[in-house]
Structure formats: structure tokens, C-alpha cells
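Here's the structure we're looking at; comments come further down.
The values are calculated or read from the model by the stated rules, or taken from the named source; none is laboratory data. Being a predicted model, the structure only gives us computed values, none of them experimental. A quick note on method: Cβ atoms are made from the backbone with ideal geometry, for glycine too, and the neighbour counts reach across all protein chains shown.
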Amino acid sequence: MVHGNTVYLSGQVNGDRSLGVGGQTSALLKQIEERLAEVGSNKSRILSLHIWLADISTFGEMNKVYDAWLDRNNMPARATVEAKLASPDYLVEIWAIAAL
């Protein structure tokens, strides 16, 4: 959803449980980059990310992938919480807001 100069990406999920938390996180961040590119934006323009984990004990695994992906010159605001996700196959869900 694009509104004005802002892009809103609904929760991105990946149902391949065999990827584990790190693999799902990597796949979701790639999806986010692809969706942003479709509308002329990129990860350096992300303003905010909300990350939901099915199990907060996997925070370190998710965060390792996130830290490697992060643009250190343009760090977005981020919140990470544990939540019961829509499917037991979803280990991570990521929602993003970015500028165009």
C-alpha cells in the first residue's frame, strides 16, 4: 500500500518451517526488499519494522540475520515481540513502513 510518500507493507510471512527462524527471517527481509523495489524504494528508506516471533527465545537467531542485513547508515525504529502467529508454520512475521 502506497499512501503519499510512504509505503506500508503488511505482515510478511514464510510457511517453510524447515528454514527455521534464521531462514524465515532472511527470506522475509528479501521479500521486503523486493516489494520496496517494486514501488521505487529500498531498505535504506525503511522507517519502522515490527517483528513478531512465535517464540521469543529465538530472538538471538532472528537478530543475527537482521543485524547482518541492516543498513547501519539508516537504522529504522524496530519493535520485536512474541505472538501467536496465524499458522504454526510461521516462526517470524515482519511488517514494514518505508519512505519512497
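Is it the case that some residue within the stretch 48-56 is surrounded by 16 or more Cβ atoms within 10 Å (Cβ to Cβ) and among the charged types (D, E, K, R)?
No: the stretch 48-56 contains no residue that is surrounded by 16 or more Cβ atoms within 10 Å (Cβ to Cβ) and among the charged types (D, E, K, R).
Consider G11 carefully, then state whether it is out of contact with any helix residue (DSSP H, G or I) (no Cβ under 7 Å at 6 or more places or on another chain) and over 20 Å from I97 (Cβ atoms).
In short, no.
Can you tell me which residue among A79, A27, A99, A37 is surrounded by fewer than 19 Cβ atoms within 10 Å (Cβ to Cβ), of a type in the set (A, V, I, L, M), touching a helix residue (DSSP H, G or I) at 6+ places or on another chain (Cβ under 9 Å) and closer than 25 Å to H3 by Cβ?
Result: A99 is the single residue among A79, A27, A99, A37 that is surrounded by fewer than 19 Cβ atoms within 10 Å (Cβ to Cβ), of a type in the set (A, V, I, L, M), touching a helix residue (DSSP H, G or I) at 6+ places or on another chain (Cβ under 9 Å) and closer than 25 Å to H3 by Cβ.
Pull out all pairs, ordered by first then second residue, where Cβ-Cβ is under 9 Å, the residues are six or more apart or on different chains, the first lies in the stretch 26-37 and is in contact (Cβ under 8 Å) with a residue 12 or more places away in the chain, and the second is of a type in the set (S, T, Y) and part of a helix (DSSP H, G or I).
Pairs found: L29/Y66.
Any residue that is at negative phi and in contact (Cβ under 8 Å) with a residue 40 or more places away in the chain - is there at least one of those in the stretch 70-83?
No - not one qualifying residue is present in the stretch 70-83.
Within the stretch 86-93, is there a residue that is within 13 Å of the chain's Cα centre (by Cα), of a type outside the set (S, T, Y) and part of a helix (DSSP H, G or I)?
no
For the stretch 27-63, give me each residue that is part of a helix (DSSP H, G or I), among the polar types (S, T, N, Q) and under 15 Å from S10 (Cα atoms).
Passing the criteria: only Q31.
Listed residues D67, D89, D71, D55; which is at pLDDT below 95 and not hydrophobic (A, V, I, L, M, F, W, C)?
D71
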